[in-house]
Amino acid sequence: MNKKEVHKALAEIVGEEYVSDSKEDLYIYSRDPGLAEPHEADFVVLPKTVEEVQKIVQLANKERIPVIPAGASLSLSGLTIPYKGGIVIDLRRMDKIIEVNRRSRYVVIEAGVTHGKLKAFLEEQYPDLCHSLPEAPPSATVVGNLMIHGQGHLAQQYGFNSSMVTGLEIVLSSGEICRIGSCALGSYWFSLEPFPIPAGLFLGWFGATGIVTKAGLRLYPKKKLRDVEVFVVEDPNLVPEVIYRVTHTEMAEDITTSAQPYPLMFRDIVMIQIYITGDEEEELEFKRKLIWSSLRDIINSKEGGFMTLAPNMKIAFLERPMSNITRFADVLKGGGFVYCGAIIPIDMFSTALKKLFEIASRNQVTFSHTGRVIGRGHCMMFSFAYPFNREDPESMEKARKAIQESYIATLEIGGIPWKPEPPIQRVLLEKMPRETAELLKRIRSLLDPNGIMNPGNWSV
Ligand SMILES: Cc1cc2nc3c(=O)[nH]c(=O)nc-3n(C[C@H](O)[C@H](O)[C@H](O)COP(=O)(O)OP(=O)(O)OC[C@H]3O[C@@H](n4cnc5c(N)ncnc54)[C@H](O)[C@@H]3O)c2cc1C
């Protein structure tokens with residue numbers, strides 16, 4: 001088929017107004033807000049139903065055209081860039097919240113449902129339930145986040161968001177529609193277990209093994225009250241111990257860390273934000289008390305202490321998602337930032353922070369660190385973040401160098417780069433034992449024999 005024929009075939013599937021190959025429409029799909037080189041797509045399509053996705057993929061597979069599933073393209077590491085051209089499948093018209101099972105605490109959503117939509121829906125219809133909300137802008141999709149093993153405000157208690165999945169519907173590269181979990185046998189989407197769990201063949205694969213069209217996701221109790229305590233230390237070596245003690249109390253909803261050179265009052269300290277929730281003041285007080293006593297001797301030794309928060313600071317800390325993180329993108333007045341999220345053992349916190357300081361100073365860039373404890377301290381996400389000004393090639397180059405060095409530093413300290421950009425994915429594949437890389441290669445070619453699914457990602 002020539003390009004005109006492909007266009008016609010796509011229009012027959014989704015309708016003329018939901019397919020485009022115009023330069024103006026393709027511009028935004030050729031890049032993401034990070035620093036990866038843009039590449040132009042041939043088409044963008046916006047399907048509304050799983051059957052439409054199925055037909056698009058069947059066409060692409062027959063014609064050997066790459067397909068790139070995209071949510072809001074906010075991963076910042078070039079994961080939706082059409083490196084080999086092809087069809088970007090923007091899933092955001094598939095935005096139905098299909099079902100909430102209140103008692104079994106799960107929701108079933110289509111692939112284009114955004115975090116903002118799900119949060120607003122739950123707040124209105126099910127105020128005692130919530131999903132694990134990342135700090136990403138509200139336009140980011142929930143499924144996009146699952147595909148990159150994202151983490152939200154419940155990660156400390158329940159782990160990566162992808163481990164909260166209770167079922168998946170997937171369109172394979174052949175166009176077959178597959179369901180995984182209890183939804184494969186009946187109408188309930190409550191659990192992946194006790195089957196073997198093929199969901200791992202899709203989660204974390206960046207769309208290189210299939211397109212998720214529906215997902216079941218666990219919901220959790222949302223308490224009426226929420227508060228934050230900020231513990232401050234000067235010595236970063238103390239951070240793992242603080243986290244260990246606080247997680248031992250099992251009283252915190254979320255634990256995040258931050259360090260940044262500006263404003264000056266934040267320089268040379270590490271802040272550990274400890275979030276507590278409760279349905280009543282008494283519950284909050286009880287949790288606060290246990291957390292304070294777990295840190296009592298560190299406070300007594302004057303090695304750390306709780307910060308008194310001015311009301312406006314407290315509001316900023318309690319915002320969900322925190323707009324301060326997005327605002328960091330404009331530190332250089334250019335609206336851009338990149339970050340390497342390193343998944344590290346908690347013990348490596350101070351080593352990672354030292355690396356961040358070294359990288360920032362070597363490259364003369366400003367930086368910010370935010371981190372999130374995952375699963376009671378089993379590991380954490382440690383971000384090395386650098387802003388840049390899109391109008392200033394020099395600042396972009398500095399940020400690019402700093403981010404590359406951060407990926408390498410992550411590996412050096414025994415961490416795993418989270419949602420790495422394709423060149424770093426290749427470094428990881430080269431670094432792992434040949435047999436492991438070979439296994440991943442076999443899985444990918446089994447599920448995508450013609451190499452059409454988000455090419456460039458997890459390619460061996
Ligand atoms: C300011 C800021 C803060 C952030 N904070 C966080 C945070 O706290 N925690 C966190 O986890 N993330 C965070 N992120 C990263 C990211 O924005 C989120 O994880 C977001 O939810 C990703 O969703 P998306 O719709 O942008 O995904 P996309 O970038 O569109 O997609 C991500 C990957 O999944 C693939 N994909 C998308 N949809 C599908 C599908 N239906 N089937 C198969 N593959 C698919 C894409 O091809 C791509 O490879 C942050 C980003 C920014 C800009």
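None of the figures in this text is laboratory data; all of them are computed from the coordinates on show. In this text the structure is predicted, and so the values were computed from the model without any measurement. Here the Cβ is made from the backbone with ideal geometry for all residues, glycine too, and neighbour counts use every protein chain on show.
Determine, from the Cβ-Cβ distance of Ala9 and Asp330 and an R0 of 41 Å, the FRET efficiency 1/(1 + (r/R0)^6), rounded to the nearest 0.05.
Numbers: r = 43 Å, r/R0 = 1.04.
So the FRET efficiency works out to roughly 0.45.
Computed over all pairs of different Cα atoms, the Kirkwood value for the hydrodynamic radius of the range 325-420 is 13.3 Å.
Taking the Cβ-Cβ separation of Lys23 and Gln364 as r and a Förster radius of 30 Å, what is the calculated FRET efficiency to the nearest 0.05? Calculated transfer efficiency: 0.25.
The C-alpha atoms of the chain define a longest principal axis, and helix 50-63 lies at about 60 degrees to it. When Met265, Met432 are arranged by Cβ crowding within 10 Å, least crowded first, meaning fewest neighbours, the order is Met265, Met432. Relative to the longest principal axis of the Cα atoms of the chain, helix 393-412 runs at roughly 80 degrees.
Compute the FRET efficiency between Ser174 and Ile416 as 1/(1 + (r/R0)^6), taking r as their Cβ-Cβ distance and R0 = 35 Å, and round to the nearest 0.05.
Details: r = 31 Å, r/R0 = 0.88.
So, using R0 = 35 Å, E works out to roughly 0.70.
When you work out D = kT/(6 pi eta Rh) for the range 229-339 at 37 °C and 0.692 mPa s, using the Kirkwood radius from C-alpha pairs as Rh and the Stokes-Einstein form, the result is 215 µm²/s. In the range 225-320, Cα pairs under 8 Å separated by at least six residues give a relative contact order of 40 percent.
Working from label points 7 Å from Cα in the Cα-to-Cβ sense, the Leu290 to Met1 distance is 5.9 nm.
A simple spin-label model places pseudo-atoms 7 Å from Cα toward Cβ; at Arg434 and Glu63 they are separated by 4.0 nm.
Evaluated with a Cβ-only charge set (Lys, Arg +1; Asp, Glu -1), the range 353-460 carries a dipole of roughly 340 debye about its Cα centre, given to the nearest 20. Each part reduced to its alpha carbon centroid, the range 92-139 and the range 438-460 end up 31 Å apart. Bridges between two residues of the chain, per DSSP, are antiparallel at a rate of about 90%. A DSSP coil position with no more than 14 other Cβ atoms inside 10 Å describes the following trypsin sites (Lys or Arg not before Pro) in the range 292-387: Lys302, Lys333.
Model label points for Met313 and Ser104, set 7 angstrom from Cα along the Cα-to-Cβ axis, are 4.6 nm apart.
Dipole of the chain computed with +1 at Lys/Arg Cβ and -1 at Asp/Glu Cβ about the Cα centre; of Ser182, Trp418, Leu446, farthest Cα towards the positive end is Leu446. When the alpha carbon coordinates of the range 391-460 are projected onto the principal axes, the ranges are 43, 30, 15 Å, largest first.
Pairs with C-alpha atoms separated by more than 18 Å, drawn from the list Lys8/Lys96; Lys223/Lys287; Lys119/Lys223; Lys401/Lys441; Lys398/Lys431, are Lys8/Lys96; Lys401/Lys441; Lys398/Lys431.
Based on the Kirkwood radius over alpha-carbon pairs, what value in µm²/s does the Stokes-Einstein equation return for the translational diffusion coefficient of the chain at 20 °C and 1.002 mPa s? Roughly 93 µm²/s, to the nearest whole number.
Each eigenvalue of the Cα gyration tensor of the range 97-221, multiplied by 5 and square-rooted, gives one semi-axis; in descending order these are 21, 16, 13 Å. How far is helix 434-447 tilted, in degrees, relative to the longest principal axis of the Cα atoms in the chain, given as a value from 0 to 90 rounded to the nearest 10? Once rounded, one gets 50 degrees.
Restriction of the GluC sites (Glu not before Pro) in the range 220-270 to DSSP coil positions whose beta-carbon has at most 14 other beta-carbons within 10 angstrom yields Glu234, Glu250. The range 192-244 and the range 292-349 have Cα centres spaced 18 Å apart.
With a cut-off of 14 Å between beta carbons, the residues surrounding Leu46 carry a summed charge of -4, where Lys and Arg count +1 and Asp and Glu -1. Summed over qualifying helices (DSSP H, 4 residues or more, each -39500 (n - 2.57)) and divided by its residue number, the chain shows a 222 nm mean residue ellipticity of -10000 deg cm²/dmol.
When N counts the residues of the range 3-90, how does its alpha-carbon radius of gyration compare numerically with 2.2 N^0.38 Å, as a ratio?
Numbers: Rg = 12.2 Å, N = 88, 2.2 N^0.38 = 12.1 Å.
This ratio for the range 3-90 stands at 1.02.
Packing, taken as the mean count of other beta carbons within 10 Å per residue, orders the peptides 165-173, 392-400 from highest to lowest as 165-173, 392-400.
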